[in-house]
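Undergrad: After the structure tokens below, expect a handful of questions from me.
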Amino acid sequence: MIAPSLLSADFSNLAKEVEMLNSSSCDLIHLDIMDGVFVPNISFGFPVIKSIKDKVKKPLDAHLMIVEPDKFIKNFAEAGVEYLSVHYEVCNHLNRTVQNIRSYGMKAGVAINPATPVSVLEDILGECDFIVVMSVNPGFAAQKYIDSIDKVRKLRKMIDSNGYNCLIEIDGGINRDNVEELSKAGVDIFVAGNAVFSAADPLAEISLLQSKCSR
């Protein structure tokens with residue numbers, strides 16, 4: 001699945017960008033939610049999400065790069081988000097957070113930073129619908145990809161060997177040059193921001209990325 005990130009969109013023409021994604025073959029629309037505390041940047045919040053809620057025709061995938069995400073889980077459910085991920089690094093009671101997300105009917109994901117090993121997920125993996133492997137340090141769009149092939153392979157093995165029904169999402173520096181190798185390694189969902197929105201033909205770029213994703 002391809003999930004273009006709105007963080008790389010033209011915010012002066014956000015409605016037009018959403019319509020473009022609606023007409024594309026993308027599978028999800030990715031929302032990067034930043035608070036300026038967990039990451040050194042601030043993105044957008046509920047007013048923006050609510051403004052596009054009735055316009056989007058694709059499922060919303062929100063990635064919370066914030067401290068104390070539990071305070072806002074209900075709000076994201078009410079805003080129409082279907083996939084919601086929180087960071088392992090900020091959740092003191094991760095199992096409770098994951099169960100809280102699922103209690104609102106959303107798919108629950110756990111994100112891990114580049115320096116966080118997949119081994120920390122051993123006791124929560126069976127409760128998750130998806131895991132987000134960060135292939136850049138979170139906070140800014142258009143960063144250089146950090147090689148995450150081995151990390152993805154380890155995670156894929158953990159999931160498959162235990163028979164878990166859990167997807168792998170990768171976020172950061174994804175483009176036509178690395179998507180095929182990552183797909184073969186076990187990635188299911190690709191967050192692509194700059195690669196899509198800076199392309200001369202975003203619709204064609206999304207289709208190209210999808211064509212390279214097969215295992």
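Undergrad: So what's the back-of-envelope 222 nm ellipticity for the chain, counting only DSSP H runs of four-plus at -39500 (n - 2.57) apiece and dividing by all residues, rounded to 500?
TA: Details: 8 runs with 69 residues, N = 215.
The helix-only estimate for the chain comes to -9000 deg cm²/dmol at 222 nm.
Undergrad: Still on this structure, I have one more. Fully extended, how many nm does the chain gain between Asp147 and Glu180 (0.36 nm per residue separation, minus their Cα-Cα distance)? Mind showing how you got there, number by number?
TA: Working: separation 33, 0.36 × 33 = 11.88 nm, distance 1.34 nm.
The Asp147-Glu180 span can extend by a further 10.5 nm.
Undergrad: So between Glu68 and Asn165, what do we pick up on full extension, going 0.36 nm a residue minus the alpha carbon distance?
TA: Values: separation 97, 0.36 × 97 = 34.92 nm, distance 2.68 nm.
In short, 32.2 nm is gained.
Undergrad: For Leu14, put the label point 7 Å out on the Cα→Cβ axis and report which residues of the range 23-43 keep their amide N under 16 Å from it.
TA: Once the point is set 7 Å along Cα→Cβ of Leu14, 29-35, 42-43 turn out to lie under 16 Å by backbone N, inside the range 23-43.
Undergrad: The range 24-103: which chymotrypsin sites (Phe, Trp or Tyr not before Pro) are DSSP loop and have at most 13 other beta-carbon atoms within 10 angstrom? Could the numbers behind the result be given before it?
TA: On the way: sites: Phe38, Phe44, Phe72, Phe76, Tyr83, Tyr88; in loops: Phe38, Phe44.
Answer in residue order: no site qualifies.
Undergrad: Now, a different point. Starting from the range 29-103, pick out the trypsin sites (Lys or Arg not before Pro) whose DSSP state is loop and whose Cβ has at most 13 other Cβ atoms within 10 Å. Can you show the working numbers first?
TA: Details: sites: Lys50, Lys53, Lys55, Lys57, Lys71, Lys74, Arg96, Arg102; in loops: Lys55, Lys57.
Listed in order of number, the matching sites are Lys55, Lys57.
Undergrad: Can I ask one more? What distance in nm separates the two pseudo spin-label positions at Val48 and Lys154, each 7 Å out from Cα along the beta-carbon direction?
TA: Using points 7 Å along Cα→Cβ, the separation is 3.3 nm.
Undergrad: Name the lysines eligible as straight-distance cross-link partners of Lys154: C-alpha to C-alpha under 19 Å, and not fewer than 8 places from it in the same chain.
TA: Lys184
Undergrad: Follow-up question, since we're still on this one. Treat each spin label as a single point 7 Å out from the Cα along the C-beta direction, and report the Val120 to Lys55 distance in nm.
TA: 3.6 nm
Undergrad: Hey, with R₀ at 22 Å, roughly what FRET efficiency would Ser103 and Asn22 work out to, going by the Cβ-Cβ distance, to 0.05? Intermediate values should be presented prior to the final figure.
TA: Numbers: r = 29 Å, r/R0 = 1.33.
That gives a FRET efficiency of 0.15.
Undergrad: On to the next question. Taking 30 Å as R0, compute the FRET efficiency from the Cβ-Cβ separation of Phe140 and Met1 and round it to 0.05. Don't skip to the end; give the middle numbers.
TA: Details: r = 23 Å, r/R0 = 0.78.
Plugging the Cβ-Cβ distance into 1/(1 + (r/R0)^6) gives 0.80.
Undergrad: Place a point 7 Å from Cα of Lys212 in the direction of its Cβ. Which residues in the range 150-175 have their backbone N less than 20 Å from it?
TA: 150-153, 168-175
All of the numbers you see were taken from the coordinates with simple rules; none came from a lab. Treat the numbers as computed from the prediction; the structure is a model and nothing was measured. Neighbour counts are summed over all protein chains in view; Cβ atoms, including those assigned to glycine, are modelled from backbone coordinates with ideal geometry.
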